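Engineer: Next up is a structure, given as structure tokens.
The values are calculated or read from the model by the stated rules, or taken from the named source; none is laboratory data. Everything numeric here is computed off the predicted structure, so don't read it as measured data. All Cβ positions, glycine included, derive from the backbone under ideal geometry; neighbour counts span all protein chains shown. These area figures cover heavy atoms from the full protein model, side chains too; ligands, DNA and RNA do not enter into them. Shrake-Rupley method; radii C 1.70, N 1.55, O 1.52, S 1.80 Å.
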Amino acid sequence: MSTVQARPGRYPANDYDTGAKLPLDGVRVLDLSRLVAGNMVTHVLADYGAEVIKLERPGFGDDLRNWRTEGVATHWKVFCRNKKSVTLDLRKEEGKALFLKLVETADAVVENFKPGTLEEWGLGPDVLQARNPKLTLVRVSGWGQTGPWKHKPGFGSLVEAMSGFAALNGFGDRPPVLPPLALADMIAGLYGAFAVMVALRNVEVSGGKGQSIDLSLFEPIHAILGPEAANYALSGKVPPRTGSRSNLTSPRNTYRCKDGKYVALSGSIQAMAERLFRTIGRPDLIDDPRFRTNTDRVKNNDILDPIVADYMAERTQAECLEIFEKAGVTVGPVADVAQLADDDYMEGRGVVEAFPDPDIGTLPMHAVIPRLSGTPGAVRSPAPELGEHNAEIWGGLGIDVAEQARLAQEGVI
């Protein structure tokens with residue numbers, strides 16, 4: 001047990017709602033994935049009631065267990081809540097046989113091995129769906145199951161660089177910036193959870209057969225960049241990195257205040273820009289031909305932005321927020337995690353809730369989202385210990401205690 005104690009925050013206390021009835025009750029998902037993207041797929045499904053069974057290699061487990069802060073596996077605890085863990089070695093023949101028996105009871109399987117690995121093990125889609133014709137198989141990889149890059153390493157950082165995201169992120173006079181979190185994995189995970197629901201809906205309503213979902217990390221993050229391909233086709237120009245400015249609207253930036261804190265401002269519609277000019281005591285800018293329209297403002301951003309920045313620099317963050325809130329101007333604080341831990345909105349909305357934790361006392365975790373009015377999700381259980389549910393799951397397949405002991409002794413489970 002860790003000796004680290006979680007720092008206090010204004011997080012509403014909650015407890016595991018072990019008896020909650022949820023909309024995905026009865027859906028069983030087998031999770032063979034490691035690290036972030038696959039766990040994000042199943043994290044979302046588990047929050048709404050799916051029985052997610054993590055199948056982990058005996059003695060090793062998901063590598064996400066090794067991502068630690070102060071010795072505590074916080075990523076595992078947060079993204080593997082509501083899940084169950086069993087151990088199984090798919091490289092052993094008995095392990096494959098057990099897996100196929102479990103597949104017969106499942107609605108979906110999630111894996112993120114290198115493309116072709118399941119086929120090499122004799123567990124390809126044809127084999128799995130022969131055992132369970134209604135099975136949905138989610139195949140997560142960096143570059144997809146097809147195409148010239150399918151066998152290349154597909155870590156999220158490489159995808160974020162290749163996708164066009166990094167080229168847009170940062171300042172023009174500095175190197176491109178990768179995100180400080182597993183952004184490509186997270187986005188792919190959300191797309192994947194949606195795709196599972198589409199596939200299950202097809203089976204349930206249309207009497208359809210199971211299918212495979214080819215989920216690359218690359219395509220989802222590329223998709224959220226929007227009309228980049230169309231814009232380039234029209235203009236022939238590669239957009240520059242603009243920091244926190246925008247190539248489409250102005251003014252839009254983060255601004256340093258008198259106390260060293262920052263505010264973010266977006267004047268993305270004409271009425272808001274005019275309201276801003278009046279608020280900072282510069283109504284003359286409304287009719288200034290350099291700033292009269294959004295197109296004019298974007299073109300002359302190098303002139304306009306310092307005017308706004310000078311106003312912010314003469315006032316504290318709190319003063320700026322009060323002034324602009326009263327004026328109805330869209331300005332908000334640039335908050336770090338310490339500020340969010342003591343924030344009225346976070347507390348009042350219950351964005352983060354504090355759950356009991358055996359290692360650190362209480363564990364702050366994001367609440368279940370989205371918030372459905374009729375069938376909300378719930379946190380029913382903490383992230384499992386490695387193999388915690390072996391007896392339950394393997395016993396449910398008719399494997400008695402003595403046989404489980406033998407399989408464990410031989411490293412199968």
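Engineer: Roughly how big is the chain's charge dipole about its Cα centre, with Cβ charges of +1 (Lys, Arg) and -1 (Asp, Glu), in debye to the nearest 20?
Structural biologist: In total the dipole reaches around 880 debye.
Engineer: Continuing with the same structure: Rank-order 361-373, 30-42 by packing density, defined as the average count of other C-beta atoms within 10 Å over each peptide's residues, highest first.
Structural biologist: Ranked from most to least packed, the peptides come out as 30-42, 361-373.
Engineer: Still on this structure, I have one more. Rounding to the nearest 10 and keeping the result within 0 to 90°, find how far the Cα-based axis of helix 183-206 lies from the longest principal axis of the chain.
Structural biologist: Roughly 60 degrees between the two axes.
Engineer: Do you know the relative contact order of the chain, to the nearest whole percent, from alpha carbon pairs under 8 angstrom that are 6+ apart?
Structural biologist: Worked out over the chain, it gives 24 percent.
Engineer: Report ³J(HN,Hα) in whole Hz for each residue of segment 87-93, in order, from the Karplus equation J = 6.51 cos²θ - 1.76 cosθ + 1.60 where θ = phi - 60°; Gly and Pro get x.
Structural biologist: Along segment 87-93, the couplings run 9, 6, 9, 6, 7, 9, 4 Hz.
Engineer: Let me have the 222 nm mean residue ellipticity of the chain computed from DSSP H runs of 4+ only, each contributing -39500 (n - 2.57), with the sum over all residues rounded to the nearest 500.
Structural biologist: Working: 18 runs with 154 residues, N = 413.
Taken over the chain, the calculation gives -10500 deg cm²/dmol.
Engineer: Could you tell me the ratio Rg/Rh of segment 24-113? Both radii from Cα atoms, Rh via Kirkwood.
Structural biologist: On the way: Rg = 12.9 Å, Rh = 13.3 Å.
Rounded to two decimals, Rg over Rh is 0.97.
Engineer: Report the longest stretch of the chain that contains none of the GluC sites (Glu not before Pro) sitting in a DSSP loop with at most 15 other Cβ atoms within 10 Å.
Structural biologist: The longest such stretch corresponds to 105-313.
Engineer: Which value, in debye to the nearest 20, gives the size of the charge dipole of segment 322-394 about its Cα centre, when Lys and Arg are +1 and Asp and Glu are -1 at the Cβ? The partial results should precede the final answer.
Structural biologist: On the way: 4 positive and 13 negative charges, 83 e Å.
Taking the Cα centre of segment 322-394 as origin, the dipole is about 400 debye.
Engineer: Among Ala327, Ala354, Leu372, pick out the residue whose Cα is farthest towards the positive end of the charge dipole of segment 277-413, where Lys and Arg carry +1 and Asp and Glu carry -1 on C-beta, about the Cα centre.
Structural biologist: Ala327
Engineer: Turning to a different aspect of this structure: Express the relative contact order of segment 98-254 as a whole percentage, based on alpha carbon pairs under 8 Å and six or more residues apart in sequence.
Structural biologist: After rounding, I find 26 percent.
Engineer: What part of the accessible area of the chain, given as a whole %, is carbon or sulfur when the probe is 1.4 angstrom?
Structural biologist: On the way: 11700 of 21060 Å².
Carbon and sulfur: 56 percent of the exposed surface of the chain.
Engineer: Starting from the amide H of Gly208, placed 1.01 Å from N in the peptide plane, find each other amide H under 5 Å away whose residue is 5 or more places distant or on another chain.
Structural biologist: Close amide H contacts, sequence-distant or interchain: Val203.
Engineer: Excluding ligands, DNA and RNA, what is the solvent-accessible area per residue of segment 322-377 at a probe of 1.4 Å, expressed in Å²?
Structural biologist: Numbers: 3310 Å² over 56 residues.
Per-residue value: 59 Å².
Engineer: Per-residue accessible area for Asp287 at 1.4 Å probe radius, Å² rounded to 10?
Structural biologist: 110 Å²
Engineer: Any chance you could check the Cα centroid distance between segment 39-70 and segment 127-147 for me, in angstrom?
Structural biologist: When both Cα centres are located, 19 Å separates them.
Engineer: So what is the relative contact order of segment 300-380, in percent, for Cα pairs below 8 Å that sit 6 or more residues apart?
Structural biologist: Reported as a whole number, the value is 12 percent.
Engineer: Okay, next question. Could you run the Karplus curve 6.51 cos²θ - 1.76 cosθ + 1.60 with θ = phi - 60° over segment 19-25 and give me ³J(HN,Hα) per residue in whole Hz, x for Gly and Pro?
Structural biologist: x, 4, 9, 10, x, 9, 3
Engineer: Which of Leu190, Gly156, Leu137 sits closest to the plus end of the dipole of segment 131-202, meaning its Cα is farthest towards the positive end, when Lys and Arg get +1 and Asp and Glu get -1 on the C-beta?
Structural biologist: Of the options given, the answer is Leu137.
Engineer: If you don't mind, there's one more thing I want to ask. Only bridges whose two residues both fall in the chain count here: according to DSSP, what percent of them are antiparallel, nearest 5?
Structural biologist: Restricted to the chain, the bridges split so that about 40 percent are antiparallel.
Engineer: Between Ser206 and Ala130, with labels modelled 7 Å along Cα→Cβ, what's the label distance in nm to one decimal, could you check?
Structural biologist: It works out to 2.6 nm between the two label points.
Engineer: Cβ under 13 Å from Trp67's Cβ, Trp67 left aside: what net charge do those residues give with Lys, Arg +1 and Asp, Glu -1?
Structural biologist: Values: positive: Arg34, Arg65, Arg68, Lys77; negative: Asp62, Asp63, Glu70, Asp185.
Net charge in that neighbourhood comes out at 0.
Engineer: Related question: Roughly how big is segment 1-151's charge dipole about its Cα centre, with Cβ charges of +1 (Lys, Arg) and -1 (Asp, Glu), in debye to the nearest 20?
Structural biologist: It works out to roughly 300 debye.
Engineer: Scan around Leu35 for amide H atoms under 5 Å from its own, H built in the peptide plane at 1.01 Å from N, and keep only partners 5 or more places away or cross-chain.
Structural biologist: Those qualifying (amide H under 5 Å, at least 5 residues apart or on another chain) are Asp63, Leu64.
Engineer: What residues qualify as long-range amide H neighbours of Val352, i.e. H under 5 Å apart, gap of 5 or more or another chain, H built at 1.01 Å from N?
Structural biologist: The list, which skips near neighbours in sequence, is Ala367.
Engineer: Could I ask something else about it? Which of the trypsin sites (Lys or Arg not before Pro) across segment 252-285 are loop residues per DSSP, with 14 or fewer other Cβ within 10 Å?
Structural biologist: Of the trypsin sites (Lys or Arg not before Pro), the ones in loops of segment 252-285 whose Cβ has at most 14 other Cβ atoms within 10 Å are Lys258.
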